[in-house]
1. Does residue 96 satisfy being surrounded by fewer than 10 Cβ atoms within 10 Å (Cβ to Cβ), part of a helix (DSSP H, G or I) and on the phi < 0 side of the Ramachandran plot?
2. Considering the stretch 1-47 alone, what residues qualify as being part of a loop (DSSP other than H, G, I, E, B) and either surrounded by 13 or more Cβ atoms within 10 Å (Cβ to Cβ) or at pLDDT 80 or above (or both)?
């Protein structure tokens, strides 16, 4: 299903712009964003924590760096949060598309 959005006089080089939204592509995008988030949450974050707890980082030459590890991890996970938020926005848009589709279907049923 594709939904045409646009027709106004703003945006685009010529003043008129139209955006085609493909439902299945949006589902794919949402799933990919979730996958990226999960890579961070379940992989990167845990690996960084394990690395920070290793003997080399706690007792070795890297102790100067590990003082900043908390900040580094927080910044890294901010990126993961951005992917999560993007996935939530796409999912919300999909939910709204489904609601509108159901509303239109009810109207069509009444008109038939």
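1. Spelling it out, it is not the case that residue 96 is surrounded by fewer than 10 Cβ atoms within 10 Å (Cβ to Cβ), part of a helix (DSSP H, G or I) and on the phi < 0 side of the Ramachandran plot.
2. 17
The values are calculated or read from the model by the stated rules, or taken from the named source; none is laboratory data. Predicted model, so just to flag it, every value in this text is computed and none were measured. All Cβ positions, glycine included, derive from the backbone under ideal geometry; neighbour counts span all protein chains shown.
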